[in-house]
Structures are given as structure tokens and as C-alpha cells.
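Read through the structure below, which is laid out as C-alpha cells, and then see the notes.
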Amino acid sequence: MRVNYSEDIYGWDKFSKFIFITGAFIALFKYGKLIGGLLIVYSFWRTRSGNIPKRVEEEMAFLSLGKSVKDYFLKFNRSNTSFSIKNTFGNLKGKLKERKEFLVTKCPNCKQKLRLPRGKGNILVTCPRCSYKFKLKT
Ligand SMILES: [Zn+2]
């Protein structure tokens, strides 16, 4: 009579399945045969293991790791990082273009930042803030 046989071994959990699938995948590669084979053997060994509390502990660690990886990717998507990177580059490009076409200077009187078109020769600039006039070569 082997009444409790099925309860004495651990069986297939998600971690074992994951190891098995990973092992099978690695074994597809030329240099992955040994590692892949070992992973497959290990996954079978886990299913036959009698140390159930230890296996459950591993399963829990695996599942929580899986959850945190998933959370990380969800967070990554939500923060829209790719969009903000694009935006930063866009801004930088705009600034470089601006520097090429405009001359940025400061009013000698009130230090107001002024943006003037380039290539206009000597011009008389009137500060829009304090109405101070000064000559500038653009
Ligand atoms: Zn001024």
C-alpha cells in the first residue's frame, strides 16, 4: 500500500516548469547542451524531492522574484521613459538650432536675456525691459 505516495513527493510547480523550459531552450544551442541538460535533470529532481518545505520556499522565492520583475517592467512602461528621452533629445536639438540662428546675449544694463537673429551686421538693440540701447554685432 502506497497511500501517501503522491503526497510524499513534491511534483511539478511553476519553478520546476520554468527550469525545465529554460533548460530545454538552452539545450537548443550548441554550447548549452550540458547546462541545459543539467537544468532539466534538476527540474526533474525537484519534482521527485521529498523535502517539500524547502521546495515550497524555493517556489515562493521564484514567484516573488517573478512578480518584482513584472512590477519593474510595468513601472518602466508607466513612467514612459522612452517618451521623455525622446523629448530631451528634441529639446537639445532645438537648443542647438537656436544657437545657430540666434545670438543670445544679455542687456548690459538690466541683465535681461535677449535673443537676436544672427547675421544682421551691426545693429542697435533696444532692451524690451529697460529700453536701454546698445550696439551689437550679430
Ligand atoms: Zn535692459
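Would you grab the residues whose amide H sits under 5 Å from the one on I9? Only those 5+ places off in sequence or on another chain, please, with H modelled 1.01 Å from N.
none
Spelling out what I want: for every residue of the range 120-136, take phi, set θ = phi - 60°, compute 6.51 cos²θ - 1.76 cosθ + 1.60 (Karplus), and round to whole Hz; glycine and proline get x.
After applying 6.51 cos²θ - 1.76 cosθ + 1.60, I find 9, x, 7, 10, 9, 9, 10, 5, x, 8, 10, 6, 6, 9, 8, 8, 8 Hz.
Would you mind checking which residues have amide H under 5 Å from R129's amide H? H placed 1.01 Å from N; only 5 or more apart, or other chain.
For R129, whose amide H was placed from the backbone, there are no distant partners under 5 Å.
Distance in nm between label sites at I21 and R48, each 7 Å beyond Cα in the beta-carbon direction?
The modelled label-to-label distance comes out at 2.4 nm.
Evaluate Rg over Rh across the chain, taking Cα atoms for both radii and Kirkwood's formula for Rh.
In the chain, Rg relative to Rh is 1.55.
Can you tell which of L103, L74, L39 shows the greatest fluctuation in a Gaussian network model of the chain with Cα springs below 10 Å?
L103
Pairs of alpha-carbon atoms within less than 8 angstrom and 6+ residues apart define the contacts here; what relative contact order does the range 14-138 have, in percent?
13
For K17, K95, which order do you get if you count the other beta carbons within 10 Å of each Cβ and list the fewest first?
Final ranking by Cβ density, sparse to dense: K95, K17.
By the scheme Lys and Arg +1, Asp and Glu -1, what is the net charge of all other residues having a beta-carbon under 14 Å from that of V41?
+3
Of all the stretches in the chain, which is the longest one without any exposed loop site, taking chymotrypsin sites (Phe, Trp or Tyr not before Pro) in a DSSP loop (any state but H, G, I, E, B) with at most 15 other Cβ atoms within 10 Å?
Longest run free of exposed loop sites: 30-131.
Largest first and in whole Å, what are the equivalent-ellipsoid semi-axes of the range 5-78 based on the Cα gyration tensor, each being the root of 5 times an eigenvalue?
Each semi-axis is the square root of five times an eigenvalue, giving 24, 21, 7 Å.
Multiply the residue gap between N91 and S68 by 0.36 nm, knock off their C-alpha separation, and tell me the result in nm, one decimal place.
4.9 nm
Taking the square root of 5 times each eigenvalue of the Cα gyration tensor, what semi-axes in Å does the equivalent ellipsoid of the range 81-137 have, largest first?
Over the Cα atoms of the range 81-137, the semi-axes work out to 30, 14, 6 Å.
Throughout, read-outs are computed from the coordinates displayed, never taken from laboratory work. Keep in mind it's a predicted model, so treat the numbers as computed, not measured. FYI the Cβ positions are ideal-geometry reconstructions off the backbone, even for glycines, and counts take in every protein chain you see.
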